[in-house]
């Protein structure tokens, strides 16, 4: 029998988005745009920058882990006992950009957080696509 207590799960959402990666990057990194699709934040796309996402239900403590403009953005996402990492990967395609978001680090006993993240990110992605459609 294998001990699976150390195994973690990830939420992965991928979309083909008909906009250039530079435009999506702005929506992922500019606080006034992030607020429109995700939450209020004091985010800066600078490695080791500590920031918070704030919503009416509480806040998420984060730290920027990796920044490669228009390609990769990664930050820690710590809230209510969940210590996870969110990684955005942008890949140019013929139609625009393939956007991939992975939130990794859900322990087996964090079923509720995992389920919440799965439904939450689906909604955030829909919001993000609306913001992209109406911004220059």
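Things worth noting here:
- The set of residues in the stretch 32-60 that are within 16 Å of residue 128 (Cα to Cα) and either surrounded by fewer than 14 Cβ atoms within 10 Å (Cβ to Cβ) or more than 16 Å from the chain's Cα centre (by Cα) (or both) contains only 32.
- Just one of the listed residues (45, 92) is assigned to a loop (DSSP other than H, G, I, E, B), modelled with pLDDT of 95 or more and closer than 18 Å to residue 21 by Cβ, namely 45.
- Flag not set for residue 85, criterion: surrounded by 16 or more Cβ atoms within 10 Å (Cβ to Cβ) and in contact (Cβ under 8 Å) with a residue 40 or more places away in the chain.
The values are calculated or read from the model by the stated rules, or taken from the named source; none is laboratory data. Owing to the predicted nature of the structure, the values given are computational and were not obtained by experimental measurement. Quick reminder, even Gly has a Cβ in these numbers, built from the backbone with ideal geometry, and neighbours come from all protein chains shown.
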